Amino acid sequence: MISLATNPRQIVLIYNSEQKSHREIFAYAKSSDKDVLAIDVSKEKVAGTVWTEIADLLDRRAMDLIHTSHSEFVKKYGENHDLDCNGAIKMLQKDPDMLIYPFAIQNKNAKEIKLYNEILSFFDPDTAAIDIP
């Protein structure tokens, strides 16, 4: 089980290494001078309490962490799939592909990272040395 970071020099990145855009965001995070605690949901199960804490930091409900209108969700579950908070947490734990965008957390600040350059708000990287997988 993980605990979310409260250290201002550490970034917690919750991502899926099976998705190219997530790997790019991971590469940018690793380029920072901060410690990165990377949680790969394709390899590790994230506790339900952690998903709830992420939702709280984002001022959302757990069910809002899943993008039900995204094409990946619609392809797997259909357009009119009802989802509550408990169902959303279970879905994130059992189906890592439903983590459409990674989450970055630093010192009680959280952000859903939709584009790789959004991770830059957490640090001042030296992007010249980034090796994107």
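Per-structure values
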item: Calculated on alpha-carbon atoms, Rg and Dmax of region 56-108 in Å; result: 11.4, 37
item: Per-selection metrics, the chain (Cα): Rg and Dmax in Å; result: 14.5, 45
item: Tilt relative to the chain, helix 48-57 - C-alpha long axis, 0 to 90 degrees, to 10; result: 70 degrees
item: Principal-axis tilt of helix 20-30 within the chain, Cα atoms, nearest 10 degrees; result: 40 degrees
item: Low-density loop positions, trypsin sites (Lys or Arg not before Pro), region 27-123 - DSSP coil, at most 14 other Cβ in 10 Å; result: LYS43, LYS45, ARG60, ARG61, LYS108, LYS114
item: Computed [θ] at 222 nm, deg cm²/dmol, the chain (DSSP H ≥ 4; -39,500 (n - 2.57); rounded to nearest 500); result: -8000 deg cm²/dmol
item: Cα centre as origin, Lys/Arg/Asp/Glu Cβ charges: region 10-120 dipole, Debye; result: 180 debye
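We did not get these values from a lab; they are worked out from the coordinates using the rules stated. Keep in mind it's a predicted model, so treat the numbers as computed, not measured. Positions of Cβ are generated from backbone atoms using ideal geometry, with glycine treated the same way; all protein chains shown enter the neighbour counts.
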